[in-house]
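These notes concern the structure reproduced below.
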Amino acid sequence: MFAVIKTGGKQYKVQSGDMLRVERLAADAGETVQFNEVLMLGGDSPKLGAPLVAGAGVQAEVVDQIKGEKVIHFVKRRRKHSSKRTKGHRQKLTLVKIGEILSSGADKSDVKAAIGTGSVSAAAVTAMEERYALNKTDQAEMAKRVKNNQAEEKSAKPAKAKKAKAAPAAEGADDLSKISGVGPVIVGKLNGEGITTFAQIAAWTDADVEAIEEKLSFKGRVGREDWIAQAKELAKG
């Protein structure tokens with residue numbers, strides 16, 4: 001018997017005993033989870049969902065929390081003052097071992113539902129409770145995650161307002177707005193990174209430029225407007 005399940009926006013064909021890598025689940029190694037999004041059951045009596053097979057589920061043991069292969073993203077702009085950027089990424093995954101495939105009765109199981117680690121909205125919780133009939137333990141966990149997400153959103157708003165205030169100029173700092181293309185907003189961002197003098201900008205290497213453009217989203221502006229050359233001239237006085 002096999003099943004086709006959906007998790008993390010992907011579909012997988014599984015059988016009992018299969019080892020499977022899926023998008024990161026909110027579960028620890030050794031725990032048993034249940035995939036409730038079953039699209040199809042195969043075997044002697046195949047069932048096709050519309051879109052899901054009612055009452056079906058696939059249970060699995062969480063073996064480990066792992067990371068996928070490293071993916072390199074490289075961007076280079078062919079301009080007079082060219083810029084390049086390299087970023088690496090390793091997707092967070094969960095390694096699971098497929099156990100029992102339930103053709104019915106999964107909605108009455110006490111096994112923890114396989115839920116991703118992304119944020120969950122209140123509307124999504126309600127929909128999942130109605131669709132999969134989550135048990136009380138899962139409902140409590142989902143409600144806790146919604147509450148935490150709402151608290152984080154509220155705490156983030158005052159932090160933004162504080163960041164928008166211009167920081168007072170440090171003693172001995174240069175007027176970085178004299179560099180062509182650098183306005184008050186950019187001056188504030190640079191000061192926030194501890195960059196307050198022409199000499200600091202004049203001493204930037206290619207790696208420094210790449211890092212500061214990536215962090216502050218300057219998108220090639222440093223090279224395009226030749227900040228380093230301007231800073232060297234201004235540093236001479």
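At least 1 residues that are farther than 30 Å from Thr86 by Cα and under 25 Å from the mean Cα position of the chain (by Cα) in each: list the strands (runs of 3 or more DSSP E) lying fully within segment 1-71 that qualify. Those strands (runs of 3 or more DSSP E) span 2-7, 10-15, 19-23, 32-35, 57-67. Only one of the numbered conditions (1) of a type in the set (A, V, I, L, M); (2) at pLDDT 80 or above; (3) touching a Lys or Arg at 6+ places or on another chain (Cβ under 9 Å) is violated by Ala133, and that is (2). The set of residues from segment 1-18 being exposed (fewer than 15 other Cβ atoms within 10 Å of the Cβ) and closer than 16 Å to Leu52 by Cα comprises Gly9, Lys10, Gln11, Lys13.
The values are calculated or read from the model by the stated rules, or taken from the named source; none is laboratory data. Given the structure is predicted, the values throughout are model-derived calculations rather than measurements. Note that each Cβ is placed from the backbone with ideal geometry, even for glycine, and that neighbours are counted across all protein chains shown.
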